[in-house]
Amino acid sequence: MKIIKRIISLVLLFLFTIFSVAFLNVKEVSASKQNNYNSRTQEIRAVWVSHFAGDLSAYTNESSYKNQITTILNNMESWGMNTLVFHVRTHNNALYKSTLNPKSRYYNNVNFDEFDPLEWIIDECHKRGIEFHAWLNPYRVSTSGNNPDYTYETLPLSNPARQSENLITVGDNIILDPGRPAVREFIVATCMELIENYDVDAINFDDYFYISGADDSATRAIYNTSNLSVDNFRRQQVDLLIEALHNSISEYNKENNKAVEIGIAPSGVYRNGSYSSGTTPTYNANGDL
């Protein structure tokens, strides 16, 4: 009887050991997966942060603003994120020190001579090995019929929004007209001002398209010398902007041994919506226009 009990005890001990080892291995695999996700990687794991979207409250003082940003960066590190895409231009304005664009209302209380929030944010990102991508809406001027950041009379003289011919208005929406050479030159100058004054790793465009219902017939009458269709003319204007910006950044990178990149967030209507002219695109078997 004692022998049988001893055999049963040994069997139970063996089974307990097997299950314990298996359980520990599962925990180790789970922890390994988590550590692998949180570890450094070459793939972009980005967080988009915007005052306009309500991710941050307006600047009131240095300490409270630093606390907000530090919380975001701490969370990014804990989640294994490696890129901050920060909204620096929402409506033809600037959340940075600029001579070309008026200061955003979110930075009304900022005195750049005492403290530059954007410079500090970029430094904090780089200390943690996080890339900083400057997020700009290149064309958007207003989404509410007016812009509380400024009046057109108070805009810098070089800002094309001072001239009505450089604007397209549809209802409460106003954008800079992409077909005007002065607009494209200004947007490139805006990006280069950022790149030359701040250690950004990339320029990232959002809303880089014509708004639905746009009437740019006056612009096309002047600049559509090749008699392109409305859609193709508009595509060409956006292409010209991106080409000019690419060339300017490439030249800057070469002269300064830098590697500033360009990123674009499309509108998301390529396959599931209509273009601004109101026509629905058709595609061939390869999905091309």
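Numbers for the structure displayed
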item	result
Estimated vicinal HN-Hα couplings, Hz - region 179-196 in sequence order (Karplus 6.51, -1.76, 1.60; Gly, Pro = x)	x, 8, x, 4, 5, 4, 4, 5, 5, 4, 4, 4, 5, 5, 4, 5, 4, 6
Debye log10 I(q)/I(0) at q = 0.18 Å⁻¹ for region 63-180, Cα point scatterers	-0.95
Relative packing of peptides 74-87, 217-230, 105-118, 166-179 - highest average C-beta neighbours within 10 Å first	166-179, 74-87, 105-118, 217-230
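Read-outs throughout are calculated quantities, based only on the coordinates presented, and are distinct from any laboratory measurement. Because the structure is a prediction, the values reported are computed rather than measured. As a convention, Cβ positions derive from the backbone with ideal geometry for all residues, glycine included, and neighbour counts pool all protein chains shown.
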